[in-house]
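The values are calculated or read from the model by the stated rules, or taken from the named source; none is laboratory data. As the structure is a computational prediction, the values presented were derived from the model and not from experiment. Cβ atoms come from the backbone with ideal geometry, glycine included; neighbour counts cover every protein chain shown. Surface accessibility is based on the protein's heavy atoms, side chains included, excluding ligands, DNA and RNA. Shrake-Rupley method; radii C 1.70, N 1.55, O 1.52, S 1.80 Å.
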Amino acid sequence: MIRHLVSHTIPGQLVIQYTDRCNALCPQCGMRRTEPFSRSKLIMDDAKRIIDAAAERGVQALSLTGGEPLLFFDEIIGLIDHATGAGIPYVRTGTNGFLFMNSEHPDFECRISSLIERLARTKLYTFWISVDSAVPGVHEMMRGLNGVIKGIEKALPIFHEHGIYPSANLGINRNIGGLQDTAISDHQILYAHFWKAFRDFYRIVDNMGFTIVNACYPMSVEIDAAPTSAVYKATSANDAVNFSSDEKHIVFKALFDVIPEFRSRIRIFTPRSSLLSLIRQHNGDVSSPYACRGGREFFFVDARTGDTFPCGYRGAENLGKLWDPAFPRRSGMEPCTKCDWECFRDPSELMGPLRDLITRPVGLFSKIVKDQEWLRLWYEDLRYYRACDFFNGRVPPDMKQLERF
Ligand code: SF4
Ligand code: SF4
């Protein structure tokens, strides 16, 4: 961290979309299996070359995503080993959970144990499993994966026995608290709806046996960034995930208000200082957020071409192959806050002040003096991250540490 800060950067992050193939039906995603586009997958050797180039550039965190990455289980295992061998310590991957279907079948435990054993032999840092709703039937209907919730519940103790503590990954949508087929226009009712939905969600995933939970912010982009330019097809025009800026302001506020009640029970990855910035941004205060590091230290590699982009959204800015010696150190675009992609926005917010400490200490001092609420939340987030072992998905939660929150 110190080495990066002295060179005026923050530790790098790379999201590699290994494939855009998927076997699920999520309405909130352009890669669902019914979408008629020709599917791709990276060539394994190219993926390794990208990882090597990333390690050389100081990337510390790598996400292997999809589509559904575990459709190519053996290759993902190989890439995790390759990345950790190349010196990237924080390697993440996950699943929509399709492997946990048919859990009543007599060979379920044996089949799942052998997959988990293989994951456990790697140095994988975080493993995520998607959960979209506090209501199991709604999650399964959205994903098109029948019986998957029961299977996840059966699989979690097996993960824990093998020293893997998966994270429940919530993609924020209108159905979190149950199927919501009529729009809520009244803002107070919308707040109350999401406040209850987030509470129900945290309770349910805690009861299921998860010990870590993350929230992926709505994958809709702002009006000035055409959704069609997104290279990562995880965007969708579906109402379930499309929120106006006014609505996002309310949804983020509800999440912000619910988190403190559950921080002592389950490790909640979502930093409240980042939510505060997003709440303010969607309330018109554009000076509040730290600019996203997408295109600076954070990049996205697309499964179709293997090319690199500043992020999954800025598809018009193809930066070429990461291993190319002419690869730009950073993209020329101005600091960006065009979307709320938590993978890039949350770490940008958390590390922004540390970077300011070196690059613009006077600016940081003035922010601290002017904005005590943000300072308190940011400091508390850092303390909480520490209490959560920095969300190390290979260790159980330290409940004594969490009790302090
Ligand atoms: S959200 Fe994930 S699981 Fe669902 S369709 Fe998209 S890629 Fe597949
Ligand atoms: S805020 Fe970050 S992730 Fe979103 S469009 Fe800008 S650079 Fe990309």
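Of note:
- Taking the criterion of being open to solvent by 70 Å² or more (accessible area, probe 1.4 Å) and over 21 Å from Ala168 (Cα atoms), the residues of region 362-405 that qualify are Val362, Phe365, Val369, Lys370, Gln372, Glu373, Arg376, Tyr379, Arg383, Lys400, Arg404.
- Residues satisfying the stated conditions in region 135-177, i.e. open to solvent by 10 Å² or more (accessible area, probe 1.4 Å) and part of a loop (DSSP other than H, G, I, E, B): Val135, Gly144, Asn146, Gly147, His162, Gly163, Tyr165, Arg174, Asn175, Gly177
- Test: residue in region 342-360 that is within 16 Å of ligand 1 (Cβ to nearest atom) and either within 30 Å of Glu247 (Cα to Cα) or of a type outside the set (Val, Ile, Thr) (or both): yes
- Within region 90-122, the set of residues being among the aliphatic types (A, V, I, L, M) and either surrounded by fewer than 18 Cβ atoms within 10 Å (Cβ to Cβ) or out of contact with any strand residue (DSSP E or B) (no Cβ under 7 Å at 6 or more places or on another chain) (or both) comprises Leu99, Met101, Ile112, Leu115, Ile116, Ala120.
- Output for region 65-119, where each listed residue is among the hydrophobic types (A, V, I, L, M, F, W, C) and touching an Asp or Glu at 6+ places or on another chain (Cβ under 7 Å): Ala86, Phe98
- Arg267 being touching a Cys at 6+ places or on another chain (Cβ under 6 Å), more than 12 Å from ligand 2 (Cβ to nearest atom) and not hydroxyl-bearing (Ser, Thr, Tyr): yes
- For region 119-148, a tally of residues being within 22 Å of Ile76 (Cβ to Cβ) and over 23 Å from the mean Cα position of the chain (by Cα) returns 1.
- Of all residues in region 67-78 being touching a helix residue (DSSP H, G or I) at 6+ places or on another chain (Cβ under 6 Å) and farther than 21 Å from Thr235 by Cα, the one that is most open to solvent (accessible area, probe 1.4 Å): Glu75
- Ala237 being farther than 19 Å from Glu342 by Cβ and within 16 Å of ligand 1 (Cβ to nearest atom): yes
- Condition met for Glu349 (in contact (Cβ under 8 Å) with a residue 12 or more places away in the chain, out of contact with any Leu (no Cβ under 8 Å at 6 or more places or on another chain) and not in a helix (DSSP H, G or I)): no
- Selection status of Ser264, modelled with pLDDT of 90 or more, assigned to a helix (DSSP H, G or I) and not charged (D, E, K, R): no
- Residue satisfying condition, being at pLDDT below 95 and buried (at least 21 other Cβ atoms within 10 Å of the Cβ), within set Val205, Val231: Val231
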